[in-house]
Amino acid sequence: MNRHNEMEVHFLSVPENEAFARLVIAAFAVQLSPTMSEIADIKTSVSEAVTNAIVHGYEGTRGMVTMRARIDGPTIAIEISDRGKGIRNVQQAMEPFYTTHPEQERSGMGFAVMQTFMDEVDVRSTPGIGTCVQMRKRISLADTH
């Protein structure tokens, strides 16, 4: 069966909406019949990307976060974007344990977690304009339904 579906939601960059994003992506991904492990991977990756947008992108200010998701066959593609302050050095920001806020006890592992749980992670950012995190994951049983 060839599946195609897509959705887009916008929400305010407040910490409470991190849980909202996790629920929305889980509800959307369920149509691919993911395993519990796959759904946990997707939810965790979305949580990390949304938290980065809220904590680092908007840094104490409020703005909108956009989550887009698309299903193409057995693959889910997810995009989390903000119009926050952006990242000066994406390569450095993606290094494990790198954090711009060590005083906040941040682990600096957000991008590493996303890369571990998803098949592909691409981060594009422009200082002063915002950041876009794109992730893809192939769902193992989706081919058989």
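The values are calculated or read from the model by the stated rules, or taken from the named source; none is laboratory data. All values derive from a computational prediction rather than experimental measurement. So basically every Cβ, Gly included, is an ideal-geometry build from the backbone, and we count neighbours across all protein chains shown. Side chains included, ligands, DNA and RNA excluded: accessible areas come from the protein's heavy atoms. Shrake-Rupley method; radii C 1.70, N 1.55, O 1.52, S 1.80 Å.
Filtering the range 95-128 to residues that are open to solvent by 40 Å² or more (accessible area, probe 1.4 Å), assigned to a loop (DSSP other than H, G, I, E, B) and at pLDDT below 95 leaves Glu95, Pro96, Phe97, Tyr98, Thr100, Glu105, Arg106, Ser107, Met109, Pro127, Gly128.
Residues in the range 129-145 that are of a type outside the set (D, E, K, R), at pLDDT below 60 and open to solvent by 80 Å² or more (accessible area, probe 1.4 Å): Thr144, His145. Selection over the range 7-38 of residues that are of a type in the set (Ser, Thr, Tyr) and closer than 26 Å to Gly84 by Cβ gives a count of 1.
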